[in-house]
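Notes for the one structure printed next.
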Amino acid sequence: MQRSLHLQYSTSSLESKQIRPKCLFYDEARQKISPILLIVGNTGFVGKHALARWPRSVTLTSAAGDSVDICKKPALLAALANNVPDTVLHLAAVSFVPDSFKFPERTFDVNFLGTLRLLEALAESGFCGRFLFVGTGDAYGTVSVDEQPIREGQSLRPRNPYAVSKVAAEALCYQWSQTGPFEVVMARPFNHIGAGQAPTFAISDFARQIAEISAGQRPPVLKVGNIDFTRDFTDVKDVLTAYELLLSKGRNGEVYNVCSGVERSVRSLVERLLELAGVEAEIQNDPTRFRPSDQPRVCGDHAKLSIDTGWQPGVSIDETLLNLYRYWEHEIGKSK
C-alpha cells in the first residue's frame, strides 16, 4: 500500500498579519527605489537570471564580501548585520537529483538545515518582510494521469532525496509562516528551462549537442536517453515573474505551483530544437543516458497562482528553445 503525505496549508490563524511588500523595486508611482531584495542562491541557473533581471538586489556574498555557507548561522548573521532586506528570494539548494542520491546528507544539510539557519538568522537580524521559499514540483512524485493536472492539494510522494529535503523544508517554512515574525510564501516550480542552464539537464544538453553539430564539432547524430515521456516546461523568465508576483501578492503560508499548464513530450522538444536550428541529425538512443522514468506524464495546474497574483506564462516554447540554442551557439563560438 502506497503511503502519501498530505500537507494542507491554511492561513486563517494569521489573518491579522498585514505585511504586504510593494513591487520589488519601485513604489506605486514607480518614481523611487523601494524594498531591497535579497537573493539567496545567486550562482545557480535561476539565481543568475534573477541577478540579471534585478541588478539592484543584494546577495549574501555581496553583503559579506566573501562566500557564505548557508548552513552556518554566524556567517549569515554577519552578512545580514548591516544589510537587512525587505524581501527574500530563497533559491539556494542542491538540486541535481542524481547528486542527491550520491550525497543525501549534504542535500539535507543545504536544503533543510540551510533553510532553517537562514530563517533563524533573518529573524535575529530584525527582518520583518516577505520570504519566498522555492521548493519543487518533484515533491508530488508519481501522480496518475487521472489525477492530473496536478494541483497544490495533491498528496506529496517524494521519490528522491532532493524532493524529500524540499518537502521537509517547505513544511518548516509553513511552520514559520504561522509562528515566526515574518510572512513566508512557498513555490513549487515544475521543470523550467532557458539560456545558461547546465548541460546536466536534458533539454540544455540537447541544445548544446545541436549547436556542436551545426558548428561541425560533432557528426550529425544526437545522442539521447529516454525522451518518450512528458513534462510541464516553463521559461525561466516566466518563473521569475511568478516569484516577483508571489513576493508582492502571494498569501502568507500558502504554496503555489509555478508551471505552464501544458504537457509536452521531450521528444517533441528535441525535434523542435532541430527545426529551429535548421539542423538535420539522426536521433540516436544511447543506453548510457537512459534513466528510468517513474513518471511517464506530468502536467501542472497554475490556477491558484493566476487567481491570487494574475500571473500567466508569456514566453512561447519556441522563444524558449531558440534562446537556449542561441546561448549554446554563442558559447561554442567563444571556444573556437
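The values are calculated or read from the model by the stated rules, or taken from the named source; none is laboratory data. Note that this is a predicted model, so its numbers are computed, not measured. Counting neighbours? That spans all protein chains shown, and the Cβs are built from the backbone with ideal geometry, glycine included.
Residues in the stretch 58-89 that are more than 23 Å from Ala198 (Cα to Cα), of a type in the set (A, V, I, L, M, F, W, C), surrounded by 14 or more Cβ atoms within 10 Å (Cβ to Cβ) and out of contact with any Pro (no Cβ under 7 Å at 6 or more places or on another chain): Ala63, Ala64, Cys71, Ala75, Leu76, Leu77, Ala78, Ala79, Leu80, Val84, Val88.
For the stretch 205-254, which residues satisfy the criterion of being in a helix (DSSP H, G or I) and under 15 Å from the mean Cα position of the chain (by Cα)? Answer for the stretch 205-254, where residues must be in a helix (DSSP H, G or I) and under 15 Å from the mean Cα position of the chain (by Cα): Val236, Lys237, Asp238, Val239, Leu240, Thr241, Ala242, Tyr243, Glu244, Leu245, Leu246, Leu247.
Identify the residue in the stretch 284-336 that is over 22 Å from Glu152 (Cβ atoms) and among the aromatic types (Phe, Trp, Tyr) and, among all such residues, is modelled with the lowest pLDDT. Within the stretch 284-336, the match that is modelled with the lowest pLDDT is Phe290.
Across the stretch 273-326, the number of residues qualifying as in a helix (DSSP H, G or I), in contact (Cβ under 8 Å) with a residue 24 or more places away in the chain and buried (at least 16 other Cβ atoms within 10 Å of the Cβ) comes to 15. The listed residues are Pro104, Pro55, and the only one of them that is closer than 19 Å to Ala163 by Cα, within 21 Å of the chain's Cα centre (by Cα) and surrounded by fewer than 21 Cβ atoms within 10 Å (Cβ to Cβ) turns out to be Pro104. Of all residue pairs spaced 6 or more apart or on separate chains, those with beta-carbon atoms under 9 Å, a first member in the stretch 100-127 that is at positive phi and a second member that is part of a helix (DSSP H, G or I) are Gly126/Leu80. In summary, Ala78 fulfils each of the numbered conditions (1) part of a helix (DSSP H, G or I); (2) within 30 Å of Ser62 (Cβ to Cβ); (3) in contact (Cβ under 8 Å) with a residue 24 or more places away in the chain; (4) of a type in the set (A, V, I, L, M) with the single exception of condition (3).
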